[in-house]
Structure formats: C-alpha cells, structure tokens
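Before any comments, here is the structure.
Read the figures in this text as sums done on the coordinates, not as results from a lab. Fair warning: this is a prediction, and the values are worked out from it, not measured in the lab. Using ideal geometry, Cβ is built from the backbone for each residue, glycine included, and neighbour counts are taken over all protein chains shown.
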Amino acid sequence: MGLNCSVTVAALRSDLAAAAFSVERLTALWGPDAAAALHRGHRVPALRALPSEPTPLSTLATAFVLGLPVGGDDLDAALPALGAAGAAGLGLVRLADGAAEPLLDLRPYSFVDANGVGEWWIASDLSELATGAPLREDHVLGVGGASSTLSGLTIGSAVRSVLDLGTGCGIQAMHAARHADRVVATDISARALEIARLNAELNGIRNIEFRPGSLFEPVAGERFDRVVSNPPFVITPRADGVPAYEYRDGGMVGDALVQAVVEGLAEHLEPGGVAQLLGNWEYRPGASGLERAVRWASDRGLDVWAIERELQDPAAYAETWIRDGGMRPGAEFDRLYAAWLADFETRGVTSVGFGYLTVRRPRDRPSLRRLERLDGPVAPGLGERIAATLAAHDALAALDDEALAARHLGVAPDVTVERHYWPGDEDPTAMTLRQGGGFQRAEPIGTALAALVGACDGELSVRAIVAALAELLEADEAALSAELLPSIRSLVLDGFLLLE
C-alpha cells in the first residue's frame, strides 16, 4: 500500500473514530432488537430507527452497514478528513448525481481474546441484503459465524510466527497479529488480499505479510509455530453452471480441499507447532467422515483432535449453501439443488459433518488421536480450553498410574455437581459434574468418584484420598484405585480436575 493510500486510510481511521462508529454506538442508535434483525439479515427495523436528520453516525451506518445510498454532502460531513471523494478513491463508494452509493460493507467489530478487549473496523463486499442479488463469485466475506467460531477457538499464547491460510478479509490474520511477532496471510483471491490489506492498514496492524497463491504454494519450504485456517471447505459440485465462490469453494471434489490442507500441515508446522481449522467431511457407506478427518492427520504422523459440531443430510447441506450464495427458491435454485444431490450421489455420500480440527506436529512421536461429537452449547473463548487440554494431555502422558496417584489435584473453578433424588430418599440416584465454561461438558459420576472429586482440594494426594475412601466404603484399595484412575485421567484431560 503506497504512501498516498496510507495517508488516505489514516484519514478514514480518524473520521470513523471521531464519529464513534462502534458496535456499542450502533446498537444504541437503532436498538438491540434491530441489531438482532440485522444479524438475521433484515435491515427494515434498523432503517426505521434512524433519525430523520442525518448525523455522521447515522450516515455511516446507512451507507456501510445497511448498504444504502446517502447524499454526497452528508458523507462529506460524516468523513470530514477523508471526504466523499476520498471514500470514492478508496473504492468505498461510487459518486453520481450528488449521491454516494456504497461499494463495500464497512462496519465495527468488537471482540475479546487472550489479549483482552478489542474493536476494529472491517471492510468486505456488500452482502445479498444490500445488493438484492446473488453474490459474485469473487465475493469477499466479512466476519461471519464461521470466522467468529475460528477466532474463538484460536490459542492466543505468544509465538514467533503464524500462517493464516486463506485469509479472506484478513480477520484471522489480524487476530493472530495480536500474539505473533509476524503473520503471513495467503489467499488465491486477489480481491480478498486487497481488502485484507485495507483492513490491516485501517486498524494500524503492521506485522502481516500478504501473499497470493493457492494452499501452501506461497509458503513453500517455510514452517510456522501456528497455522490457522478457515479454508474454502464447502463441498460444491464441480459442474458447468454451478457458481464457485472463492471465499468458500476450494475447487476440489468432495472434501479433498480440507484433506489437502490437513496433510500439508506436516511440512509447514514447526516441531510442537499447532494448527487450528474448520472443515467439512463426507460420510460414505462404511466410512465415518470424522474418522476420515482424523486419519488425514494421523497418517502424516501428526497429533490430532477432531470435534464434530453438526451433521447434515445431503439435501439439507445443499439447501444451506445454495441459499448462502444468495439464490432464492425457483427454477434456478432447483437446477442447482439437483446438481448438488447428483454430485453427492456419485460418491455415495450419506451425510456431511462440520467441525473443528486441532492438529499438532509432535516433537517426538504422535501421542494424541482424539475424536468426539459435541453438539451442545459451548462457552466463548475456547482457545484457552483447547490449550489447557493439550497441556493436560502432555502432562498425563508423562505420568503412569503410580505417578498420577502421587499427585495432588484441584477442582476447576467452573465445575459444579448436580444431584438428583427420588422423593424421600437421602442418597442421590444420579450425579453429574458440569462445566460452566469451555465445552460445557457434563459427566455422570458414581458415589466413589463424586467423593474423590469433592476431596480434591490440593491438600491430599490421589492415593491418600483413595485409601480413605476404601476404608469408608469397606472396599479393596487396589481395586478401587484401578476403577477410579482412568476416570481421573479423563476428568483431568477434560478440565474438570487440575493437576496441582
């Protein structure tokens, strides 16, 4: 980005700050109900809430959030340093007949990560809501549900280098820039890289290098401490007349794009380096999609933890993504629908899974191969929980049962126990440990395990607690220890119990 452009972007930054163009102020402008409607793709409530006389904030909101034309004079007033002409020079608007027609979406984005609270302005292409038409194939998506999910999953501890593979509007690279010395962001889309550079410049982020190219081609021979990727994982028919959107369609058959990303990580992670990505995987007769996703990593000698969050049948999957492209029901929708179902039929696909993959290049030999289905609610900021789980796995791997029995344990502060009783009974008929944070797991427990967890205050070793329980329950100590230790390992791994 040249000097003149940098000066222009600096003027835009100054104007947005002066207008208090923030999430908090926009919500106050049109109210929480209208904000919720906008999140669902409807702008009428927000439009009705705007003041009759334009203010700098309402002008910016109308143009860049609602995607509607505003008066050129009003935009000049809202952007006094940049001016409407400067906004046109940046490609934000088109000026004609005294009006400014928005060409890009530009909105505030607030977040909380491992480094605290932050807020940026993020530019992207106008949505279907603004254009009233299907998306263009080189559409650059803003901060959507998937990108928010991934940023929440990302481990935020300090590292030297991060690769953002398929950066899109640059949001993952910008998050990574808060905890990495340097970030390399790649994308096959020239338009995505242009917008991502604008977003980094607009928010004063200087440690991102943007490179064009497909998959790992732009970083051949390089390794990174972290890799983060929201790849174009959508499974789209490779057929004439079926739109392929650069932000979501990887140009490969089935789930081969996600497979290629996972397999390529082996050559691009430093020892001990971690990659985190979202993906889809196909289920076929006799072949679990989740198992296939795990094998992509484990067959390359990588540690892997796969979490499946959702499972869709082919029809529901096709409907979701055809509609995502801005296509409304009708003859063209039906034509695309038939193409998607025919494509799935050629491979015998029975369903499609969606979830998270955490992949690590081990320093020694692979020791982690975990797959699970978690379709319940989760707490924000899963990155901290994922990091803690990896650390717990490594600590447990170094402890045999004797060493684990000698350790002192504590109960995580977000853990509670539920007890259920039949009316009139003194003893509970069922007990469940629950996490308030992280993956909000629920773990059924029996009487002995409940007593052990209740005694884990860091004062006594596991061995001492088991010995006391054996005496209290009149049980064999060795047998009770053999029964409880596997459960203790599981509770430590999942964050219910903490190694002191």
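Return the equivalent ellipsoid semi-axes of region 8-74 as a descending list in whole Å, where each equals the square root of 5 times an eigenvalue of the C-alpha gyration tensor.
They are 20, 13, 11 Å, listed largest first.
What is the gain in length, in nm to one decimal, between residue 316 and residue 81 on full extension, counting 0.36 nm per residue of separation less the C-alpha to C-alpha distance?
79.7 nm is the gain from fully extending residue 316 to residue 81.
Considering the dipole of the chain built from charges on the beta carbon (Lys and Arg +1, Asp and Glu -1) around the Cα centre, which of 262, 79, 287 is farthest to its positive end?
Of 262, 79, 287, it is 79.
What relative contact order, as a whole-number percentage, does region 399-499 give when Cα pairs under 8 Å and 6 or more residues apart are counted?
Relative contact order for region 399-499 comes out at 32 percent.
Given +1 on the Cβ of Lys and Arg, -1 on the Cβ of Asp and Glu, and no further charges, what dipole in debye does the chain carry about its Cα centre, rounded to the nearest 20?
With Lys and Arg at +1 and Asp and Glu at -1, about 1080 debye.
Averaged over all directions, how much area does the convex hull of the C-alpha atoms of region 110-388 cover when projected, in nm²?
14.3
Could you work out the mean projected area of the convex hull around the alpha carbons of region 1-141, in square nanometres to one decimal?
9.6
Set the Förster radius R0 to 35 Å, insert the Cβ-Cβ distance between residue 478 and residue 157 as r into 1/(1 + (r/R0)^6), and round the FRET efficiency to 0.05.
After rounding, the FRET efficiency stands at 0.30.
Residue separation times 0.36 nm, minus the C-alpha to C-alpha distance between residue 309 and residue 191: what's the value?
Working it through step by step, the gained length comes to 39.4 nm.
In what order do 345, 194, 128 fall by count of nearby beta-carbon atoms within 10 Å, going from fewest to most?
Ordered by Cβ neighbours within 10 Å, fewest first: 345, 194, 128.
To the nearest 20 debye, what charge dipole does region 3-102 have about its Cα centre, counting +1 at the Cβ of each Lys and Arg and -1 at the Cβ of each Asp and Glu?
Using Cβ point charges on Lys, Arg, Asp and Glu, region 3-102 gives about 340 debye.
If R0 is 25 Å, what FRET efficiency do you get for residue 253 and residue 337 from their C-beta distance, rounded to 0.05?
The formula returns an efficiency of 0.85 here.
Using just the Cα positions, wrap region 374-415 in a convex hull and report its mean projected area in square nanometres, one decimal place.
For the Cα atoms of region 374-415, the hull's average projected area reads 4.1 nm².
Of all the C-alpha pairs in region 198-258, what % are more than 14 Å from each other?
Summing the P(r) tail past 14 Å for region 198-258 gives 68 percent.
Please report the net charge: other residues with Cβ closer than 13 Å to the Cβ of residue 254, K and R +1, D and E -1.
-1
Estimate the FRET efficiency between residue 447 and residue 288 by the formula 1/(1 + (r/R0)^6), using the beta-carbon distance for r and 45 Å for R0, to the nearest 0.05.
0.80
Do you know the relative contact order of the chain, to the nearest whole percent, from alpha carbon pairs under 8 angstrom that are 6+ apart?
Result for the chain is 10 percent.
Any idea what % of Cα-Cα pairs in region 399-499 are farther than 16 Å?
Distances greater than 16 Å cover 56 percent of the Cα pairs.
At residue 42 and residue 96, where each label point lies 7 Å from the Cα along Cα→Cβ, what is the point-to-point distance in nanometres?
My value for the distance between the label points is 3.1 nm.
How many Å³ per residue does the convex hull of the Cα positions in region 258-318 occupy?
89
Any idea what the dipole of region 110-388 comes to, in debye rounded to 20, about its Cα centre with Lys/Arg Cβ at +1 and Asp/Glu Cβ at -1?
760
Find the Cα radius of gyration of the chain, compare it with 2.2 N^0.38 Å by division, and give the number to two decimals.
For the chain, the normalised Cα radius of gyration is 1.12.
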